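As structure tokens, the structure follows; a few thoughts come after it.
The values are calculated or read from the model by the stated rules, or taken from the named source; none is laboratory data. Remember, it's a predicted structure, so these values are computed and weren't measured experimentally. FYI the Cβ positions are ideal-geometry reconstructions off the backbone, even for glycines, and counts take in every protein chain you see.
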Amino acid sequence: MGWASEELASIDLGDTRRNRRAIQLIERLAEHPTASIPGACNGWSETQAGYRFLGSETYDWLDILEPHRQCTQTRMAAHPVVLCLQDTTELDFNGQTIKRLGPLSYEAQRGMYLHPTYAVTPEREPLGVLDAWMWAREPKDAEGHRPGAPESLRWKEGYERVANLAGELPDTPLVYVADHEADMLELMVRARDLGTPADWLLRAKHNRALPGGEGKKLWGSVLESEPLGEVRFNLPPGRGRTARTVRQELYAQRVSLSDRRQGFLEVSSP
């Protein structure tokens, strides 16, 4: 029995043949992650069956993800702390004749966006994918506005899903971790209103003004405290930079932010 047979043992796509096809196709693609579907499959008949499977509208990607999500949750329960990481990536299909694609970073590009929640331990052991947002943007209108729901919702809803899961894992504290796009007061207020069932750690984007009317800002206030420690790591070379050793000091301080509704919101700022 292969790994996919074990991971997807509970898959239910309404037909045992579809279930077997899903497991086989996933194993083929995992064996050849950079190959095309014909390159990963064994022969033309298997390739055709793979395309039929992917083109079916009887089920969707969430049905395929569900057994893996269940296994991920089971693995999470065995750990004292789990980090739930969120970030967004572009799926670039520019130049391909695929329906219902949308703009990417540039309006002329075509593709989709994927925003998964990835569970890992603090020791960097991967546990699996919990859920994901996946969407195609609408083109901008004549006035430069993009119709549709605000894309920022993915961060707040991502926290809400982690918070819901925290209730099912009472012995495993969960930490929602997100990039600077998630530095939104709406997310912090939502976490507070839910009772903060999962901790959250956001990369700061805004040097927010602190209450008091003295011009005090978040980043300066945090840096006034004593450092908790230091980390060092090697930064690899990249576009316009050479490799170097980075030294970072760690700070933490509890501050109050105005939530514009009910006075102040207490947060810890690292």
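Okay, residues lined up against (1) within 13 Å of GLN86 (Cβ to Cβ); (2) in contact (Cβ under 8 Å) with a residue 12 or more places away in the chain; (3) charged (D, E, K, R):
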site	(1), (2), (3)
LEU104	no, yes, no
PRO126	no, no, no
ARG137	no, yes, yes
ALA142	no, no, no
SER152	yes, yes, no
ALA198	yes, yes, no
LEU202	yes, yes, no
LYS205	no, yes, yes
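Within segment 80-101, restricting attention to residues that are part of a loop (DSSP other than H, G, I, E, B) and under 11 Å from the mean Cα position of the chain (by Cα), which residue is surrounded by the fewest Cβ atoms within 10 Å (Cβ to Cβ)?
If we take residues in segment 80-101 being part of a loop (DSSP other than H, G, I, E, B) and under 11 Å from the mean Cα position of the chain (by Cα), then ASP87 is surrounded by the fewest Cβ atoms within 10 Å (Cβ to Cβ).
Answer yes or no: is there a residue in segment 165-180 that is under 29 Å from ARG100 (Cβ atoms), modelled with pLDDT of 95 or more and not polar (S, T, N, Q).
Checked against the condition, which is being under 29 Å from ARG100 (Cβ atoms), modelled with pLDDT of 95 or more and not polar (S, T, N, Q), segment 165-180 yields at least one hit.
From TYR106, TYR59, which residue is over 23 Å from ARG21 (Cα atoms), outside any strand (DSSP E or B), of a type in the set (Phe, Trp, Tyr) and at pLDDT below 95?
Only one candidate qualifies: TYR106.
Just to verify a result, which residue in segment 192-223, among those that are charged (D, E, K, R) and either surrounded by 10 or more Cβ atoms within 10 Å (Cβ to Cβ) or within 21 Å of the chain's Cα centre (by Cα) (or both), is farthest from ARG161 (Cα to Cα)?
LYS216
Working only within segment 130-151, note down all residues that are of a type in the set (Asp, Glu) and in a loop (DSSP other than H, G, I, E, B).
GLU138, ASP141, GLU143, GLU151
Suppose we filter LEU104, LEU165, LEU130, LEU114 for residues that are on the phi < 0 side of the Ramachandran plot, surrounded by fewer than 18 Cβ atoms within 10 Å (Cβ to Cβ) and within 18 Å of the chain's Cα centre (by Cα); which single one remains?
None of the other options fit; the residue is LEU114.
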